[in-house]
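This report concerns only the one structure given below.
The values are calculated or read from the model by the stated rules, or taken from the named source; none is laboratory data. Note that the coordinates shown come from a computational prediction; the quantities given were computed from them, not determined experimentally. Here the Cβ is made from the backbone with ideal geometry for all residues, glycine too, and neighbour counts use every protein chain on show. Remember, those area values only see protein heavy atoms, side chains included, never the ligands or the DNA or RNA. Shrake-Rupley method; radii C 1.70, N 1.55, O 1.52, S 1.80 Å.
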Amino acid sequence: EAAVTQSPRNKVAVTGGKVTLSCNQTNNHNNMYWYRQDTGHGLRLIHYSYGAGSTEKGDIPDGYKASRPSQENFSLILELATPSQTSVYFCASGDPHISNERLFFGHGTKLSVL
Amino acid sequence: KTQVEQSPQSLVVRQGENCVLQCNYSVTPDNHLRWFKQDTGKGLVSLTVLVDQKDKTSNGRYSATLDKDAKHSTLHITATLLDDTATYICVVGDRGSALGRLHFGAGTQLIVIP
């Protein structure tokens, strides 16, 4: 079964601090995604990537950067964390060459910004 | 404006009972529709993908329908088990690849009691 691993599982940060969320996939998938999930809302796309070296803005990119240094790794970076970024963050990977691409999600990172 | 509406918001059933979850959407174009299961504190796991104008799928005790004319989908769970307790999320894709926009519903929280 395909695997997507996120770290850390939980993170507490201070306002104005830098936070890096990491994601690793062993599926050899080209596409990777970062979403956030807030209570009462559906998942929202922050950044995504077509492959190593590529990052693209999603629907809510403000306040976030992304980095894809390799096929396996995709990071989400909060340079100056704010309390509004308190959320659960999910990473996913998928293979665009498969029609109706199947997505595999990590277990999520719960971030609290105080 | 929310483009994917799920109902009910939450549902409690007794083990062994059947249940039906609803998904209405306004996403255009609607290339495909996915149902995911999310256990508490975990990532999303794909249950099924529906593609055709009027589609039906079956995956064990889970079955789903899609009517693109009505922009409506249902997820049926037969003979519920305690392990079915989870949030079920409806997602509409506007392209064949997830690199198109995926529109997530907020989910239906299903609780199965003994």
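Worth pointing out:
- Ordering of A:25-32, A:76-83 by packing [mean C-beta count within 10 Å, highest first]: A:25-32, A:76-83
- Take A:LYS18: with every protein chain present and a 1.4 Å probe, its accessible area is about 130 Å².
- Table column - 3J(HN,Hα) (Hz), the range B:36-41, Karplus curve with 6.51, -1.76, 1.60, x for Gly and Pro: 10, 10, 10, 6, 4, x
- Residues of type lysines that A:LYS65 reaches as a straight line, Cα spacing below 27 Å, ignoring anything fewer than 8 places off in the same chain: A:LYS11, A:LYS18, A:LYS57, A:LYS110, B:LYS1, B:LYS42
- Using the Cβ-Cβ distance between B:LEU82 and A:SER54 with R0 = 41 Å, the FRET efficiency computed as 1/(1 + (r/R0)^6) comes to roughly 0.45.
- Residues listed by number, the range B:12-34, amide nitrogen under 15 Å from B:ALA70 label point at 7 Å toward C-beta: B:20-26
- For the pair A and B, total buried accessible area rounded to nearest 100 Å², probe 1.4 Å: 1700
- Pairwise centroid distance, computed over Cα atoms, of the range A:29-71 with the range B:1-21, Å: 28
- Short-range pairs are left out: with C-alpha atoms under 8 Å and at least six residues apart, the relative contact order of chain B is 36 percent.
- Translational diffusion of chain A was estimated from the Stokes-Einstein equation, with Rh taken as the Kirkwood radius over Cα pairs; at 37 °C and 0.692 mPa s the coefficient is 235 µm²/s.
- Convex hull volume of the range B:32-114 per residue (C-alpha atoms, cubic angstrom): 97
- If you plug the beta carbon distance of B:GLU17 and A:ASN28 into 1/(1 + (r/R0)^6) with R0 = 25 Å, you get a FRET efficiency near 0.05.
- For A:HIS47, net neighbour charge (Lys/Arg +1, Asp/Glu -1) across residues whose Cβ lies under 13 Å away: +2
- Cysteines, the protein assembly as shown, no other Cys beta-carbon under 4.7 Å: B:CYS19
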